[in-house]
Amino acid sequence: MLSEQLPKIWYGGDYNPEQWDEATLEEDMRMFKLAGIDVATINVFSWAKSQRDENTYDFAWLDRIMDRLAQENIRVCLATSTGAHPAWMAKKYPDVLRVDYHGRKRKFGGRHNSCPNSPTYRKYSVKLAAMLAERYKDHEMLSAWHISNEYGGYCYCDQCEQQFRVWLKERYGTIEKLNKAWNTAFWGHTFYEWDEIVVPNILSEEWDGNRTNFQGISLDYRRFQSDSLLECYRLEYEALKSVTPQIPITTNLMGTYPELDYFKWAKYMDVISWDNYPSMDTPFSFTSMSHDLMRGLKSGQPFMLMEQTPSQQNWQAYNALKRPGVMRLWSYQAVAHGADTVMFFQLRRSVGACEKYHGALIEHAGHEHTRVFRECAELGKELQGLGDKIVDSRSRNRAAIMFDWENRWAVELSSGPSVALKYVDEVHKYYDALYKNHIGTDMISVEEELSAYDLVIAPVMYMVKPGFAKKVEDFVARGGTFITTFFSGIVNENDLVTLGGYPGELRKVLGVWAEEIDALYPGQFNEMVMKKGMGSLQGCYPCGILCDIIHAETAEVLAEYGSDFYQGTPVLTRNKFGEGQAYYVASSPVSDFLESFLGHLCADMGIHAPLDAPVGVEVSERVKGDVSYLFVLNHNTDEAVIDAGDKPLIELLTGRKVCGKVTIAGRDVMILERVAKE
Ligand code: GLA
Ligand code: ZN
């Protein structure tokens, strides 16, 4: 979709010329060309500039920027500016201001600060989007719409409370059904009228952000706030779409950001875009998982890397510089996992306010003779050299990991069994094990069609939604391999326990039932003792966090607990079901175990790494027609040796032919082009 307009990996980023004078703009244009920039995201925070009061709009400044960019043939990703409301609006219409978790009405300040249910915000944000669409619909450089910015945060104001009741009425129909879904007989919470329901925050049911007396209301409030912000997005989307149906629309997401159900949002986005800000100690596999998750939001469609810093952030506690080569390496990591753009925040460092120490293509020195600029310009040239290769290519993975935001909310709102249980960490453990085996993985929603996969892993699938168990049964019966873990199959979509033994609806396919769940203290472990016949998986592996005490029904026991009063009871089981098999991992194992376990399982299933590479070298593949692009990313500071196979392959960044053992320098990247014969 992007490639129809410009068939290459788009290169550019956020640009805020409204903070600068004309002379600076001219310098920017000169330097953008030097750096190979071909797209600028503009107008992200310009609402106050374009609308000085209720009735006065002025877009002349924006016309000038758009036209100036056009002269340089730089495409525009045009934001709608609704990520921060103007001060005059907050003063005149306080309904745009949020009320926080502590019940305090906010004053003007910050950004991403509008109440999503504010009639004023909705009215003026949609009006602004519509005006921008009308004004620029025929502009030759208009290439993508960027609605608002990094939607997030919840509001607890009176208008949200009222809308919450409306939302609940739609969801439940009757107050009786709501009482049942929330199990309000507990602690005498029965509601008789809708207006008895209040928002769950520190003044009512919650504390510490994630602790609640009533999972039902807290879970629904997260759904409702995610939907409310989504509605703001959708209203702008409609306003833009009706005028410029051919221009792709996005909003920039944030990877594993907790507050919004991105799978639901993705249904209303033409293209996914996201902002990647790992810190120096973020595991490479976590970044790679985040990219895969963003790609998975639209079932594998290429996405936009909307933001990353060229060098450092300002908002982390310790904002380390990206070491030489790292910006390039991480840019290709995004591309390797499905990005068709490489974009920065920001193209020029601002002179004041909190982001003045945030990295930029053009730093405070103001010229091109900086390390960061040179690295960016080199990458710009490389991306130009790649031309239309890679763009629009897809991943073709046979392994998938399920991720679900509602499940995550429910797990993390759960009072007991353990505060140590972190959904994203458990998902990442499984992802990391496949990553270390260089097995490509799709991150998929629980709604995704499973027939393309041979292996589906659903870590901590605590909440089982209607139809999910049947879907897993069909997948396994047809020959698929399914893995789930402790604390799965426990509740339905309302967080009500499925009675009769855990893992509830998943019990049949797994062939086990869990009687009790033990929570281990930090530093406390049990062991998984492998039974005979587990090949090189022989031995003993520590496990912790939670230990489900299970009984094998139809499942075969592969490992038992090594200690405590449940020593000798199953901790790892496999159930043959139809043509396939379903594994239950009853505790959280150390990563060594998962790496070998999944390595063996994939080998048995014929799922192989695209090539052999040592630790710290990431391998990822994108495929277009009969051409496959193998990305080799050396995250190590030292050189490494990979095995490129017997047939000579072209390395796209250097043009040289490689085969057999190949040395890759520290933090270097190779893209090997493999054309399938026949
Ligand atoms: C986010 C925002 C940008 C900027 C960067 C800084 O991604 O979208 O406006 O604040 O963070 O890292
Ligand atoms: Zn509100």
Treat each spin label as a single point 7 Å out from the Cα along the C-beta direction, and report the Glu27 to Trp207 distance in nm.
5.4
Tell me the chymotrypsin sites (Phe, Trp or Tyr not before Pro) within the range 228-326 that lie in a loop according to DSSP and have at most 11 other beta-carbon atoms within 10 Å.
Trp315, Tyr318
Through the Karplus equation 6.51 cos²θ - 1.76 cosθ + 1.60, θ set to phi - 60°, convert the phi angles of the range 522-528 into ³J(HN,Hα) values in whole Hz; use x for Gly and Pro.
x, x, 8, 9, 10, 10, 9
Based on the Cβ-Cβ distance of Arg104 and Thr282, what FRET efficiency does E = 1/(1 + (r/R0)^6) give at R0 = 41 Å, to the nearest 0.05?
0.80
List the residues, sorted by chain then number, that are 5 or more residues from Glu553 or on another chain and whose placed amide H is less than 5 Å from its amide H.
Val512, Trp513
Compute the signed sum of charges (Lys and Arg +1, Asp and Glu -1) over the other residues within less than 14 Å, Cβ to Cβ, of Arg622.
-3
Hey, rough spin-label estimate for Arg394 and Ser3, points 7 angstrom out along Cα→Cβ, what's it come to in nanometres?
1.2
From Cα pairs below 8 angstrom and at least 6 apart in sequence, can you work out the relative contact order of the chain, rounded to a whole percent?
11
Tensor-based shape of the range 5-85 (alpha-carbon gyration tensor, a/c under 1.5 rounded, otherwise prolate or oblate)
prolate
Would you please classify the overall shape of the chain from the alpha carbon gyration tensor, given that a ≥ b ≥ c denote the square roots of the eigenvalues, rounded means a/c under 1.5, and beyond that prolate means a/b larger than b/c while oblate covers the rest?
oblate
Output ordering of 322-328, 19-25 (per-residue mean of other Cβ within 10 Å, highest first) is 322-328, 19-25
Can you tell me the accessible area per residue over the chain, all protein chains present, probe 1.4 angstrom, in square angstrom?
39
Under the Karplus relation 6.51 cos²θ - 1.76 cosθ + 1.60, θ = phi - 60°, what is the ordered set of whole-Hz ³J(HN,Hα) values for the range 334-347, x standing for Gly and Pro?
4, 4, 4, 9, x, 6, 10, 9, 10, 10, 10, 10, 9, 7
Please work out the FRET efficiency for the pair Val615 and Asp58, using the Cβ-Cβ distance as r and a Förster radius of 41 Å; give the result to the nearest 0.05.
0.10
How many nm is it between the label spots at Trp187 and Ser299, if each spot is 7 Å from the Cα in line with the beta carbon?
4.2
Which GluC sites (Glu not before Pro) in the range 80-178 pass both tests, a DSSP loop state and at most 12 other beta-carbon atoms within 10 Å?
Glu140
If amide hydrogens are placed 1.01 Å from N in the peptide plane, which non-local residues have theirs closer than 5 Å to the one on Gly645?
Gly660
Taking R0 as 60 Å, what FRET efficiency do you get between Ala519 and Arg323 from their Cβ-Cβ distance, rounded to the nearest 0.05?
0.90
Near the amide H of Ser311, under 5 Å away, which other amide H atoms are found, from residues 5 or more places off or on another chain, if H is placed in the peptide plane?
Gly359, Ala360
From phi via Karplus (6.51, -1.76, 1.60), per-residue ³J(HN,Hα) for the range 256-270 in Hz, x at Gly/Pro:
8, 2, x, 7, 10, 7, 4, 5, 6, 4, 4, 4, 10, 10, 6
Summed side-chain charge close to Arg328 - residues other than Arg328 whose Cβ falls under 10 Å, Lys, Arg +1, Asp, Glu -1
-2
Theoretical gain in end-to-end length, Glu355 to Glu238 [0.36 nm per residue, Cα-Cα removed]
38.9 nm
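The values are calculated or read from the model by the stated rules, or taken from the named source; none is laboratory data. Owing to the predicted nature of the structure, the values given are computational and were not obtained by experimental measurement. Cβ: placed from backbone, ideal geometry, glycine included. Neighbour counts: every protein chain shown. For the accessible areas, the whole protein counts, side chains as well, though only heavy atoms, and no ligand, DNA or RNA atoms are used. Shrake-Rupley method; radii C 1.70, N 1.55, O 1.52, S 1.80 Å.
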